[in-house]
Amino acid sequence: MLYRCALNALVSLQKNVDPRNSFLPHYTPELLQTELNLFPEWFLQQQCHLSLTKEHITLIESTNQFLIQSACQQNQVCVHRDFHSRNLMHIDDNNLGIIDFQDAVIGPITYDAVSLLRDCYIEWPEDKINQLLNDYFLQCQAAGLVAGDYASFKRDFDLMGIQRHLKVLGIFSRLNIRDGKSGYLADIPLTLNYLLKVSQNYPELQELHQFLSNIVLPASVANL
């Protein structure tokens, strides 16, 4: 399966770029926050036409801090930052090409894996995601890139996905509103569905889940 080749390539990239001697910028808390700001600004307010209350703003801010802390405590490696199906090129049965490295940073080890396995353009069954993620974890463990058990790694992966998908909702909305690229609106339902499915599994994200389910989802459906 080409996705296994992609994950193999990802481990190779992470093993062979030393974050201590790299000239790549770091995925700082400030950068993570800047990305998360796209969600309320472009998706909630401009795309969905929601008027945010003080309670909504407080919830968004506390969620952001939780996600940023989770991202920053992960092992920091080379991150492609846009590692998904549209940036992978089929070369042969055992190899593939990777394009669009211009936004690469040193950041959380699960970022590229969640970009690939919870791709905003294509959905895979959850059992397949778990199988591929476990294989990737074992490779990272063997390479000395992660410590701890799979359950902790899966939690990091899930929370990293929440951060990425919140950001992506803002980006898709901005592409539509500012740049006139309305085609990206078709990718919003899958992205929002990832957020709904994952957030329900974590007690720390129950308020976010209720907000997404009761307020954001109906507003999104009405404005897409």
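The values are calculated or read from the model by the stated rules, or taken from the named source; none is laboratory data. Here the structure is a predicted model, which means the values were calculated and not measured. Using ideal geometry, Cβ is built from the backbone for each residue, glycine included, and neighbour counts are taken over all protein chains shown.
Need the failing condition index for Asp158 against (1) farther than 23 Å from Gln46 by Cα; (2) exposed (fewer than 15 other Cβ atoms within 10 Å of the Cβ), just the number.
Result: Asp158 fails condition (2) only.
Of everything in the range 184-218, what is more than 20 Å from the chain's Cα centre (by Cα) and over 23 Å from Phe66 (Cβ atoms)? Give them in sequence order.
Pro218
Could you go through the range 30-37 and let me know if any residue there is among the aliphatic types (A, V, I, L, M), at pLDDT 90 or above and touching a Leu at 6+ places or on another chain (Cβ under 9 Å). Even if it seems obvious, please write down each step before you answer.
First, the residues of the range 30-37 that are among the aliphatic types (A, V, I, L, M): 31-32, 36.
So of that shortlist, the ones also at pLDDT 90 or above come out as 31-32, 36.
Pick out the ones that are also touching a Leu at 6+ places or on another chain (Cβ under 9 Å) and you get 32, 36.
Among the residues of the range 30-37, at least one is among the aliphatic types (A, V, I, L, M), at pLDDT 90 or above and touching a Leu at 6+ places or on another chain (Cβ under 9 Å), which makes the answer yes.
Among the residues in the range 111-134, are any in contact with a strand residue (DSSP E or B) (Cβ under 8 Å, 6 or more places away or on another chain), modelled with pLDDT of 95 or more, under 19 Å from Gln76 (Cα atoms) and surrounded by 14 or more Cβ atoms within 10 Å (Cβ to Cβ)?
Among the residues of the range 111-134, at least one is in contact with a strand residue (DSSP E or B) (Cβ under 8 Å, 6 or more places away or on another chain), modelled with pLDDT of 95 or more, under 19 Å from Gln76 (Cα atoms) and surrounded by 14 or more Cβ atoms within 10 Å (Cβ to Cβ), which makes the answer yes.
Between a residue in the range 66-80 that is assigned to a loop (DSSP other than H, G, I, E, B) and any residue that is of a type in the set (Phe, Trp, Tyr), which pairs come within a Cβ distance under 6 Å, given they are 6 or more apart or on different chains?
Sorted first by the residue in the range 66-80, then by its partner, the list stays empty.
Which of the residues belonging to the range 169-182 are hydrophobic (A, V, I, L, M, F, W, C) and either within 18 Å of Val221 (Cβ to Cβ) or at pLDDT below 95 (or both)?
Kept after step one, since they are hydrophobic (A, V, I, L, M, F, W, C), are these residues of the range 169-182: 169, 171-172, 175, 177.
Once the filter is applied, which keeps residues that are hydrophobic (A, V, I, L, M, F, W, C) and either within 18 Å of Val221 (Cβ to Cβ) or at pLDDT below 95 (or both), the range 169-182 yields Leu169, Phe172, Ile177.
Exactly one condition in (1) in a helix (DSSP H, G or I); (2) more than 27 Å from Gln76 (Cα to Cα) is not met by Val198; state its number.
(2)
The rows are residues; the columns are (1) in contact (Cβ under 8 Å) with a residue 40 or more places away in the chain; (2) part of a helix (DSSP H, G or I); (3) basic (Lys, Arg).
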{"residue": "Cys140", "(1), (2), (3)": "yes, yes, no"}
{"residue": "Ala151", "(1), (2), (3)": "no, yes, no"}
{"residue": "Gly161", "(1), (2), (3)": "yes, yes, no"}
{"residue": "Lys167", "(1), (2), (3)": "yes, yes, yes"}
{"residue": "Asn176", "(1), (2), (3)": "yes, yes, no"}
{"residue": "Gly180", "(1), (2), (3)": "no, no, no"}
{"residue": "Gln206", "(1), (2), (3)": "no, yes, no"}
{"residue": "Gln210", "(1), (2), (3)": "no, yes, no"}
{"residue": "Ala219", "(1), (2), (3)": "yes, yes, no"}
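State all residues of the range 27-65 that are surrounded by fewer than 17 Cβ atoms within 10 Å (Cβ to Cβ) and in a loop (DSSP other than H, G, I, E, B); if no residue qualifies, say none. Break it down stepwise before answering.
The initial filter retains those residues of the range 27-65 that are surrounded by fewer than 17 Cβ atoms within 10 Å (Cβ to Cβ), namely 28-31, 33-34, 37, 41, 45, 49, 51-59, 61-62, 65.
Passing the criteria: Thr28, Asn37, His49, Ser51, Leu52, Thr53.
Conditions: (1) at pLDDT 95 or above; (2) in a helix (DSSP H, G or I); (3) surrounded by 15 or more Cβ atoms within 10 Å (Cβ to Cβ). Lys15 meets all but one. Number of the miss?
Every listed condition holds for Lys15 apart from (1).
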